[in-house]
Amino acid sequence: MKVLQIEGGRPLSGTVRIQGAKNSVLPILAATVLAHGTCTVHNCPDLTDVVHTLDILRCLGCRAQREGDTVTVDASAPTGCSIPDDLMREMRSSVIFLGPILGRMGRAELSYPGGCELGPRPIDLHLHALRALGAEISEQNGRLFFSGRLTGADITLSLPSVGATENAILAAICADGTTTITNAAREPEIVDLQTFLNTMGADVRGAGSSVISVRGGKSLHGGEHTAMADRIVCATYLAAVASAGGEGEVTGADWRQISPVTTVLAEAGCAVHSTEDTIHIAAPRRLRATRQIRTAPYPGFPTDAQALVMAALCKAEGATVFVENMFDSRYRHVDELSRMGADIRVEGKVAVVYGVPRLTGARVRSTDLRGGAALAVAALGAEGESFLSGLGHIDRGYADLEGDLTALGAHITRREITE
Ligand code: UD1
């Protein structure tokens with residue numbers, strides 16, 4: 001079994017550059033299906049989710065290859081319009097291909113992404129957006145079939161879903177006329193997608209606000225783009241320093257995008273200083289509890305950072321209340337944190353973290369991507385050695401977690417152990 005062996009209880013000191021954003025790169029690579037030519041995407045982290053995305057592109061008849069951190073996709077002549085079940089199962093976010101495939105090919109076929117480690121993850125808003133654009137949708141044996149010529153429409157999302165907003169934009173590019181998406185998600189990754197699409201000749205406006213308009217019906221050409229830095233990976237390393245103590249610097253990330261997290265870390269007693277390209281954090285000997293942390297759509301506190309900050313606050317002085325508003329089952333890391341000595345009570349969407357004076361190293365298992373990274377964060381602040389398994393979850397979103405944490409001064413190695 002592969003594990004991360006982490007020697008905790010040592011203050012960190014170092015600098016790390018933040019990788020490209022997974023949640024930006026996945027929709028951008030899906031968008032390349034729309035190009036009548038070759039697209040080049042720089043700053044693509046080497047993640048299993050990206051590997052699966054390239055597999056889907058190849059399944060659709062596109063040529064896709066990676067060289068270092070640059071991925072090139074030639075979608076001049078796509079031949080397929082269906083995504084096999086196993087690739088849908090590997091990666092829930094493969095549903096993001098729906099809009100581009102339907103838009104480009106006039107037909108699409110895939111299976112329900114189904115539930116996942118964060119609880120049920122419905123796609124009703126994706127389907128609502130596509131229906132509004134004129135798609136006909138039918139279902140047979142768990143497979144969904146989409147067809148129809150798309151026409152611009154006014155789409156109102158009942159909640160600002162990131163994936164549904166992206167799917168609606170991507171489908172609307174190929175629709176005749178103008179589409180307006182109201183109550184759109186405002187995440188920075190959607191701004192990044194808009195920038196990429198416009199370099200390909202699209203006319204998308206308003207990303208970053210709640211109303212996005214797309215003038216569709218244009219044929220897109222290839223384009224070149226550098227993906228934004230990953231704000232959640234950035235939050236991970238800031239939380240690691242907060243948990244272990246010491247100081248560290250992250251470079252390449254935009255501090256504005258991560259300010260809901262840095263504000264909390266500052267309230268917990270960390271000194272955080274940001275410049276255009278760097279965020280410097282110095283942690284006190286012991287953190288203190290903060291006001292209630294409620295996850296919310298951007299620019300609120302990100303659900304993806306909930307477990308990470310919780311891990312750092314396990315040893316804080318006082319009790320911190322978390323309210324998880326975005327997903328139903330996003331406290332699975334709590335049982336694992338308890339193995340290290342954390343005192344956390346969960347009831348429904350609320351978790352109360354009673355700070356303990358110390359955590360101790362333990363054998364723990366990742367339950368999901370960010371939950372797994374959170375266990376590494378806690379282990380860095382725990383006395384003694386921890387062994388973290390379930391690395392498949394972590395490798396979905398971190399290109400080199402152990403390398404990056406080593407750059408920050410952590411003692412962490414990936415190794416094989418017998419169970
Ligand atoms: C994206 C991110 C994920 C992050 C999440 C919320 C990617 C690849 N993933 O996921 O890391 O945790 O945003 O910031 O970008 N919902 C519905 N019906 C739908 C779609 C969503 O009810 O059709 C609900 C979800 O169950 C959830 C909420 O909307 O409760 C937000 O989900 P959404 O913004 O769609 O998340 P994802 O795009 O899947």
Can you find, within segment 129-146, the residue that is most open to solvent (accessible area, probe 1.4 Å) among those that are outside any helix (DSSP H, G or I), of a type outside the set (Gly, Ala, Ser) and within 16 Å of the ligand (Cβ to nearest atom)? 139
Condition broken by residue 287, with the remaining ones in (1) within 16 Å of the ligand (Cβ to nearest atom); (2) touching a residue at least 60 places away in the same chain (Cβ under 8 Å) satisfied: (1)
Residue that is farthest from the chain's Cα centre (by Cα) [pool: residues in segment 76-93 that are of a type in the set (A, V, I, L, M), crowded, with 20+ Cβ neighbours inside 10 Å and outside any helix (DSSP H, G or I)]: 83
Could you tell me how many of the residues in segment 176-194 are surrounded by 24 or more Cβ atoms within 10 Å (Cβ to Cβ) and away from the ligand (no atom under 13 Å from the Cβ)? 2
I'd like to check something: does segment 195-216 contain any residue that is in contact with a strand residue (DSSP E or B) (Cβ under 9 Å, 6 or more places away or on another chain), surrounded by 17 or more Cβ atoms within 10 Å (Cβ to Cβ), touching a residue at least 24 places away in the same chain (Cβ under 8 Å) and of a type in the set (D, E, K, R)? no
Just name the residue that is nearest to the chain's Cα centre (by Cα) out of those in segment 9-31 that are of a type in the set (Ser, Thr, Tyr) and away from the ligand (no atom under 16 Å from the Cβ). 15
Inter-residue pairs, beta-carbon under 6 Å, first polar (S, T, N, Q) and in segment 119-143, second at pLDDT 90 or above, 6+ apart: 138/145
Among the numbered criteria (1) modelled with pLDDT of 90 or more; (2) assigned to a helix (DSSP H, G or I); (3) open to solvent by 20 Å² or more (accessible area, probe 1.4 Å), which one does residue 96 miss? (3)
Look at residue 167 and say whether it is out of contact with any strand residue (DSSP E or B) (no Cβ under 7 Å at 6 or more places or on another chain) and either open to solvent by 10 Å² or more (accessible area, probe 1.4 Å) or within 25 Å of residue 124 (Cα to Cα) (or both). yes
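So if I check each of 249, 267, which one is assigned by TED's automatic domain parsing to the domain that holds residue 7 and either within 23 Å of the chain's Cα centre (by Cα) or at positive phi (or both)?
Of the residues listed, the single one that is assigned by TED's automatic domain parsing to the domain that holds residue 7 and either within 23 Å of the chain's Cα centre (by Cα) or at positive phi (or both) is 249.
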If residue 173 passes every condition in (1) at negative phi; (2) open to solvent by 10 Å² or more (accessible area, probe 1.4 Å) but one, which one does it miss? (2)
Out of the residues in segment 104-128 that are within 12 Å of the ligand (Cβ to nearest atom) and open to solvent by 40 Å² or more (accessible area, probe 1.4 Å), which is modelled with the highest pLDDT? 128
Taking segment 298-326 only, how many residues are open to solvent by 50 Å² or more (accessible area, probe 1.4 Å) and within 16 Å of the ligand (Cβ to nearest atom)? 3
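The values are calculated or read from the model by the stated rules, or taken from the named source; none is laboratory data. Owing to the predicted nature of the structure, the values given are computational and were not obtained by experimental measurement. Ideal geometry is used to build each Cβ from the backbone, glycine not excepted, and the neighbour counts take in all protein chains shown. Surface accessibility is based on the protein's heavy atoms, side chains included, excluding ligands, DNA and RNA. Shrake-Rupley method; radii C 1.70, N 1.55, O 1.52, S 1.80 Å.
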